[in-house]
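Participant: Okay, here's the structure, questions in a sec.
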Amino acid sequence: MCMMVNRSRVSIKKSKDALETFEICNGEEWLDSACFDAQQAIEFLLKGILLEYGIVFEKTHDVNYLVSLLDDTDFQFEKHNDLIMLSSTITSWEEGSRYGKGIRTSVNTVRRIHNIYEDILKAFLEVQEKNQQS
């Protein structure tokens with residue numbers, strides 16, 4: 001498995017841990033961290049999948065751009081439309097968190113991103129398994 005996919009797994013764990021802490025402590029910094037790490041997880045996962053398909057991409061944090069490149073492959077996942085719908089929001093979390101502007105979102109939105117991530121990862125692992133069996 002490529003390094004980007006493995007990094008995405010670290011980021012999603014950090015996001016889930018930060019969200020859990022936010023729910024206990026209610027400190028905005030924890031929600032901010034959960035959003036940033038969720039964005040990183042999605043970005044790294046998409047880039048990892050693109051690398052596995054041999055697709056070159058520009059240096060970017062733009063989730064919509066990465067999804068558009070992925071759409072040129074045969075890779076499919078169930079929550080594709082959800083990801084497209086939230087791609088601008090996810091992308092904005094990178095800059096909003098990194099540069100201290102803060103993020104306005106709900107716990108449910110972060111959980112939706114976590115679910116989208118899990119769906120993409122599941123689809124990717126199924127493709128990897130199928131390719132190994134061939």
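Participant: Confirm whether Arg104 is among the basic types (Lys, Arg), modelled with pLDDT of 90 or more and either open to solvent by 50 Å² or more (accessible area, probe 1.4 Å) or in a loop (DSSP other than H, G, I, E, B) (or both). Quick ask: steps written out before the conclusion?
Facilitator: Working: among the basic types (Lys, Arg): yes; modelled with pLDDT of 90 or more: no; either open to solvent by 50 Å² or more (accessible area, probe 1.4 Å) or in a loop (DSSP other than H, G, I, E, B) (or both): yes.
No; evaluated as a whole, the condition is false for this residue.
Participant: Within segment 48-67, which residues are part of a helix (DSSP H, G or I) and either out of contact with any Leu (no Cβ under 8 Å at 6 or more places or on another chain) or open to solvent by 20 Å² or more (accessible area, probe 1.4 Å) (or both)? Spell out the reasoning first.
Facilitator: Start the filter on segment 48-67 by keeping residues that are part of a helix (DSSP H, G or I), which leaves 48-52, 63-67.
Within segment 48-67, Gly48, Leu51, Glu52, Asn64, Tyr65 meet the criteria.
The values are calculated or read from the model by the stated rules, or taken from the named source; none is laboratory data. Only a predicted model underlies this, so the values are computations on that prediction, with no experimental measurement involved. Neighbour counts are summed over all protein chains in view; Cβ atoms, including those assigned to glycine, are modelled from backbone coordinates with ideal geometry. Remember, those area values only see protein heavy atoms, side chains included, never the ligands or the DNA or RNA. Shrake-Rupley method; radii C 1.70, N 1.55, O 1.52, S 1.80 Å.
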